[in-house]
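Step one of this worksheet: look at the structure below.
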Amino acid sequence: MGPESRSKKLKRLVNVQRQLEKMAESDLAATARQRREVAESMEVVIEAIGAMDGVHRLFAQNYAERFGRLTLRDQQLTGVQRMQEIRVLRERTKGDRLEGHMKEARMDEDRLQADESIYDLIDMQNMLATPASSKLEEP
């Protein structure tokens with residue numbers, strides 16, 4: 001096997017980059033799901049705090065502490081989500097750039113191959129036009 005072309009190397013890099021992008025998107029989706037779960041828990045705690053039931057009033061302090069922890073967790077997840085969104089955009093941008101470079105390399109390789117084909121045709125034409133021996137030419 002000969003040396004691998006630049007476009008094939010870039011194609012492999014594009015595939016790897018797209019996998020990294022998918023992984024980043026998966027992480028982002030997991031964080032979004034966690035935020036939804038935290039938000040649902042916060043709603044349940046708020047309903048419990050606002051309930052008129054006497055049992056819930058006994059645990060009002062516990063509910064308030066739980067709500068504080070959930071609020072803190074939501075803030076942390078919000079920061080993580082922002083960072084993951086930036087990461088997804090960065091990975092996507094890298095993939096798009098690599099894909100552009102791959103397409104350019106492929107076009108350059110195709111152009112070079114077409115040029116070589118034309119040069120081969122010109123060489124064959126010149127070989128057919130020249131006599132096999134200079135003795136055959138008339139003086």
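The values are calculated or read from the model by the stated rules, or taken from the named source; none is laboratory data. The shown structure was predicted, so the numbers you read here are calculated from the model rather than taken from an experiment. Note that each Cβ is placed from the backbone with ideal geometry, even for glycine, and that neighbours are counted across all protein chains shown.
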What is the residue count in region 49-61 for residues that are exposed (fewer than 12 other Cβ atoms within 10 Å of the Cβ) and of a type outside the set (Gly, Ala, Ser)?
5
GLY68 vs. criteria surrounded by fewer than 16 Cβ atoms within 10 Å (Cβ to Cβ) and under 40 Å from the mean Cα position of the chain (by Cα):
yes
Given the condition basic (Lys, Arg) and under 17 Å from the mean Cα position of the chain (by Cα), answer yes or no: does some residue in region 13-32 qualify?
yes
Are any residues in region 1-22 in a helix (DSSP H, G or I) and within 13 Å of GLU109 (Cβ to Cβ), and if so, which ones?
ARG6, SER7, LYS8, LYS9, LEU10, LYS11
From the set of residues in region 72-95 that are surrounded by 17 or more Cβ atoms within 10 Å (Cβ to Cβ) and of a type in the set (A, V, I, L, M), which is nearest to the chain's Cα centre (by Cα)?
VAL88
State whether the residues of region 38-48 include one that is of a type outside the set (A, V, I, L, M), surrounded by 13 or more Cβ atoms within 10 Å (Cβ to Cβ) and modelled with pLDDT of 90 or more.
yes
Could you tell me how many of the residues in region 97-119 are farther than 15 Å from LYS9 by Cα and of a type outside the set (A, V, I, L, M, F, W, C)?
7
Just checking, how many residues over region 33-45 are under 14 Å from ASN62 (Cβ atoms) and of a type in the set (A, V, I, L, M)?
2
Being touching a helix residue (DSSP H, G or I) at 6+ places or on another chain (Cβ under 9 Å), within 30 Å of ALA48 (Cα to Cα) and either at pLDDT 95 or above or not in a helix (DSSP H, G or I) (or both) is the filter here, so list the residues in region 61-119 that pass it.
LEU70, THR71, ARG73, ASP74, LEU77, THR78, VAL80, GLN81
